[in-house]
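Q: Can you read through this structure? Questions will come right after.
The values are calculated or read from the model by the stated rules, or taken from the named source; none is laboratory data. Model, not experiment: these values are computed from the prediction. A quick note on method: Cβ atoms are made from the backbone with ideal geometry, for glycine too, and the neighbour counts reach across all protein chains shown. Protein only, heavy atoms only, side chains kept; ligands, DNA and RNA dropped before computing areas. Shrake-Rupley method; radii C 1.70, N 1.55, O 1.52, S 1.80 Å.
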Amino acid sequence: MAGHIISIVGGKGGVGKSQFAANLAFAFASENRQKALLLDFDQKACGDQGLITGIKSKKTVKELSEFSGAIDPKSINMFIGMHKAGVHYIGMPSDRTAADQVNPEGLGKFLKAVTSLYAVTIIDVGSELNELALKALEYSTMINIVVTPDLLAANQSKRLYSELATLLFPKEMIQIVMNQYQKGHPVGPDVVGRQIGKPVFGVVPRDDQTCARALSSSTPLMTIAKNSPFAQGVVDIVRKLKQKNVLKSLERLKKPEGTAASKSSASATTSRSGKDPWTELKSRIHKSLVEEMDMKKQDDSDPKAQIILREKTKKLVVELLGKEDTKTLLKGREDMNRIVKEILDEALGLGPLEDMLADKSISEIMVVGPKKIYYEQAGKNKRSEITFTNDRQVLNVIERIVAPLGRRIDEKTPYVDARLADGSRVHAIIPPCALDGGTITIRKFPENRLTYKDLIQFGSMTQNMADFLRISVEAHRNMVVSGGTGSGKTTLINMLGGFIPANERIITCEDSAELDFPQDHVVRLETKPPSLEGEGAVDIRCLVKQTLRMKPDRIVVGECRGGETLDMLQAMNTGHDGSLTTVHSNTPRDCMSRLETLVQYAGAGISPKAIKEMIASAVHMVVQQSRLEDGSRKIMNITEVGGLQGEVITLQDIFVYKQEGMSKQGKIIGKFMATGFIPKFIESLEKKGYKVPRGLFKND
C-alpha cells in the first residue's frame, strides 16, 4: 500500500515546528509499529534535526538530490541514519552553502518513490516557501502549519495559509497545529482559528521543562518522556489522523503539479490561474487596449503613421496601467518601461521576437509553441528565456506577418511562406499540423548586402575563387548553387548576382522574395497562393514560362524544387546563358542526380538519357556550399560540368576545400586548394580577347 508524506511548515521561526516534526515521526513509528522516515528540508536551519533527534544520517539530502540510481530498500540504506525506535533520518548539510545547492528536482524523483518504502514520511520544510519547500509540498498528502498562541505567529500563519491556497493547494490538505498551548491563555485555539480562517486541527500543550531536557540530551522527547504533556499532544494528533482516516481521504485530492519546478521562492504571489502576475497584468492591459482601439484597422505601411500610432498606444497603455494596482509588481521606472514596451510589442509588433529581430548577431529565430523560442547565434542554436504569453499570441504574430502580403493561414491551409519588411524569410505552420502550438521559423538577412569581400573575410572562399566566379558570371556560365538547408545558398547566389553587368536585364522568380541584387534593371516575380475558392494559384513553373516572354538577359530562380527545373534547363539551353538557380543537395554529384529527379516531376515523359544530355548541355558549373560542424559556411567545391560520357555526366573540380582537423576551440582547420585543372571555357574566352590570369588555378 502506498505511504503518505506529511510536510511541517511554520509561519515564522521559533514556533517549535522542527521539534514537532521530529516527534511526530517517532509517534507514527510507535503507534503504527512501522518504520517512519524523517527528512530535513529546512535550508535555513541547516541540520537542526540532527541535534533534536541525535541521529546522524550517512549522507545528506544534498547527496540524495544528486543520486541518479533507483530508489529501493538497498539504495536508501546508503543515506539513512537509524534510530532503535524505528525512525530513519536523512539530514540537511550543516554548511549553508552546501544546503543552498540541494537540487529540488532530484529530491522530487526521490519523494515520488519513497511512498512505496515507508508508510509515513515526515518532512521538516522550514518557514519559507522556497523552491525546495514547494517540491516537498507538491508530493505531500498533508501540510501541517505549526503556530503558537501568539497573534504575530497567527498572522504569519494566516499569510502562509493564504499563499498555499493561492498556489492551488486544496484547503482540506492544510491543517493547523497549535504548539505550546496553555490553558487559560487569552490566545486559544478558537482565537487562532478565527485569525487564520481555518479551525485548529490539533493542540500540543506547553512543556518547556521536558522539551529543554530532550534538546540538551539530543534525544527525541517521545523516547524519554512518553507520558509528558507534549508527547501526549503529538500522539493524540497521530491517533486522530488514524481514527478518522484523514490521510486516506486527503490522498484523493487534486494537488498542483510542477509547483516547485516552476516557482521560485518569490512565487508564492502567483495567482490562482497559475500565471504569474506580470503575465496576467499584460493580458488584462492588452484586452483593455483591444477594446479601446481597433488594432486590426491600423495602417502598417506608412512609417509616419506607425510612429504616431505607437505614441498614441503608449499613452493609452500608461493610462490603463494607472488604473491598476501595480505597487507590488512594478518597483520602479525600469519595470514600468519594460512592461509598456512588452505590451506595445505584442499589440503593434511581433511581441517577444522584436528584440531578437533587432539583435544583429542573431541570424535565425525558431519558435516552437508559446513557451519555447530558440535562436541561432554565431552558428550555434541557443534557447531564449523569453516566451510568448499563450498560443493566441503566437497566432497573432503569424497573422501580423502574413496579412500585409495577402497570404493566409488557417486550418484548411495550416502553413505559409512569407517575408518580413526587411526581407527576412518566414515560414509558419499551425495546429492541427503543428502539435506543440504555432511554429515560426525566421531566417534573418543582414541589413547590408554581403559582398564577395565579406565572404573572403569570413573564410567562406579565397580571393582567387571570387575572381574565378566573377569571370564565370561575366562569361555567361549557367551556374547551379548546391547545398543543404541553412548552408548559405541564398547569400551566395546574391553575391553571384552582384557580378552580373549593370546593363543586363535580370528577372528573378521566387516562392518568397529574398534575392536582393544591386542592379537597377531587375524584375522581381513571386508566386501566389490560391484564393479562398482554391483558384488563381501561380507557381514557380508558371513564372519561369512567363520570364521567357519578357526579354530576359539573365533568369534567376530562387530554388528549383519541382517541375520548374525542366523549364529552367530549357531556358539555359535556348539562349539565356548566364542563368542562376539553387538546388538542395550535398555534393556536386548529388546535384546532378537531384536535377534528374526534379525534371521528372514535370511529368513530360522524357527518357533518363535525354534528361542527362539536357543537364550536361545546360549546366556549366556547380558551386557547392556547406555548413560545417563549427557553424561556419564554406564553398566546398567549384566544379565544371564536362558533358556526357556514356550514361555518366562528367564533373571536374576546379577548387576544393580540404578539412585537416579541428582546433581546441572546436573550430575546423582546413584550406582551399586549386586542383590545377583549367576550365574549358577559359580557352574560348582567351580566343575572344579576354585575358584570364592562369595564376588563379595555382596554389600559393
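Q: Kindly list the number of the only condition in (1) more than 13 Å from GLY16 (Cβ to Cβ); (2) open to solvent by 40 Å² or more (accessible area, probe 1.4 Å); (3) in contact (Cβ under 8 Å) with a residue 24 or more places away in the chain that fails for ARG206.
A: (1)
Rundown of residues vs (1) among the aromatic types (Phe, Trp, Tyr); (2) touching a helix residue (DSSP H, G or I) at 6+ places or on another chain (Cβ under 8 Å); (3) under 30 Å from ARG589 (Cα atoms), yes/no style:
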| position | (1), (2), (3) |
| --- | --- |
| ILE409 | no, yes, no |
| ILE442 | no, yes, no |
| TYR452 | yes, yes, yes |
| MET461 | no, yes, yes |
| MET479 | no, yes, yes |
| GLY484 | no, no, yes |
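Q: Only one of PRO552, PRO529 is open to solvent by less than 60 Å² (accessible area, probe 1.4 Å), of a type outside the set (S, T, N, Q) and touching a residue at least 60 places away in the same chain (Cβ under 8 Å). Can you tell me which?
A: Just a single option satisfies the conditions, and that option is PRO529.
To keep it simple, each residue is scored yes or no on (1) closer than 16 Å to ILE540 by Cα; (2) at pLDDT below 90.
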{"position": "CYS560", "(1), (2)": "yes, yes"}
{"position": "MET568", "(1), (2)": "yes, yes"}
{"position": "HIS576", "(1), (2)": "no, yes"}
{"position": "ILE611", "(1), (2)": "no, no"}
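Q: Name the residues in the range 367-384 that are under 16 Å from the mean Cα position of the chain (by Cα) and open to solvent by 60 Å² or more (accessible area, probe 1.4 Å), would you?
A: Result: LYS371, LYS372, TYR374, LYS380, ASN381, LYS382, ARG383.
A quick yes/no check of all residues on (1) open to solvent by 60 Å² or more (accessible area, probe 1.4 Å); (2) touching a Phe, Trp or Tyr at 6+ places or on another chain (Cβ under 6 Å); (3) modelled with pLDDT of 85 or more; (4) in a loop (DSSP other than H, G, I, E, B):
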{"residue": "GLY661", "(1), (2), (3), (4)": "no, no, yes, no"}
{"residue": "PHE681", "(1), (2), (3), (4)": "no, no, yes, no"}
{"residue": "SER684", "(1), (2), (3), (4)": "no, no, no, no"}
{"residue": "TYR690", "(1), (2), (3), (4)": "yes, no, no, yes"}
{"residue": "LEU696", "(1), (2), (3), (4)": "no, yes, yes, no"}
{"residue": "ASP700", "(1), (2), (3), (4)": "yes, no, no, yes"}
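Q: For the range 180-197, which positions are under 47 Å from the mean Cα position of the chain (by Cα) and under 22 Å from SER18 (Cβ atoms)?
A: VAL192, ILE196
Q: In the range 575-612, which residues are closer than 20 Å to HIS476 by Cα and either surrounded by fewer than 16 Cβ atoms within 10 Å (Cβ to Cβ) or in contact with a Pro (Cβ under 9 Å, 6 or more places away or on another chain) (or both)?
A: Hits for the range 575-612 are GLY575, HIS576, SER579.
Q: Run down ILE638, ILE615 and say which single residue is in a helix (DSSP H, G or I) and touching a residue at least 12 places away in the same chain (Cβ under 8 Å).
A: Checking each option against the conditions leaves just ILE615.
Q: Scan the range 666-677 for residues that are open to solvent by less than 60 Å² (accessible area, probe 1.4 Å) and out of contact with any strand residue (DSSP E or B) (no Cβ under 8 Å at 6 or more places or on another chain) and jot them down.
A: Within the range 666-677, GLY666, GLY676 qualify.
Q: Mind listing whichever residues of the range 505-520 are at pLDDT 85 or above, of a type in the set (S, T, N, Q) and either part of a loop (DSSP other than H, G, I, E, B) or surrounded by fewer than 19 Cβ atoms within 10 Å (Cβ to Cβ) (or both)?
A: Scanning the range 505-520 gives a single hit, GLN519.
Q: Shifting gears a bit: Across the range 76-108, which residue is modelled with the lowest pLDDT among those that are more than 35 Å from the chain's Cα centre (by Cα) and polar (S, T, N, Q)?
A: That would be SER94.
Q: Looking at LEU117, LEU151, LEU111, can you tell me which residue is at pLDDT 90 or above, open to solvent by 20 Å² or more (accessible area, probe 1.4 Å) and more than 16 Å from VAL9 (Cα to Cα)?
A: Answer to the selection: LEU117.
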